[in-house]
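The values are calculated or read from the model by the stated rules, or taken from the named source; none is laboratory data. Please read all numbers here as calculations on a predicted model, not as lab measurements. Note: areas computed on protein heavy atoms with side chains; ligands, DNA, RNA excluded. Shrake-Rupley method; radii C 1.70, N 1.55, O 1.52, S 1.80 Å.
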Amino acid sequence: MQAVTEGDRRKELAALLEQIRAHPERDWSATRARIATLNKLIAPPRAALKPH
């Protein structure tokens, strides 16, 4: 089993967003929840956002 990288998460996010763009008429509730999770995993830690 291989570790999931940030790049893998970004690719998954891009693929999900493209699916939503292609078919906005569908119910994407579960996909939107996954997108929110991916965004949290990709986002830099809060401490990194503070100026030093």
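Taking the longest Cα principal axis of the chain as reference, the axis of helix 29-42 is set at about 20 degrees. Here the chain exposes an accessible surface that is 56 percent carbon and sulfur, computed with a 1.4 Å probe and the other protein chains kept in place. Dimensions of the chain based on its C-alpha atoms, expressed as ranges along the principal axes with the largest first, amount to 45, 31, 15 Å.
Taking the longest Cα principal axis of the chain as reference, the axis of helix 6-22 is set at about 30 degrees.
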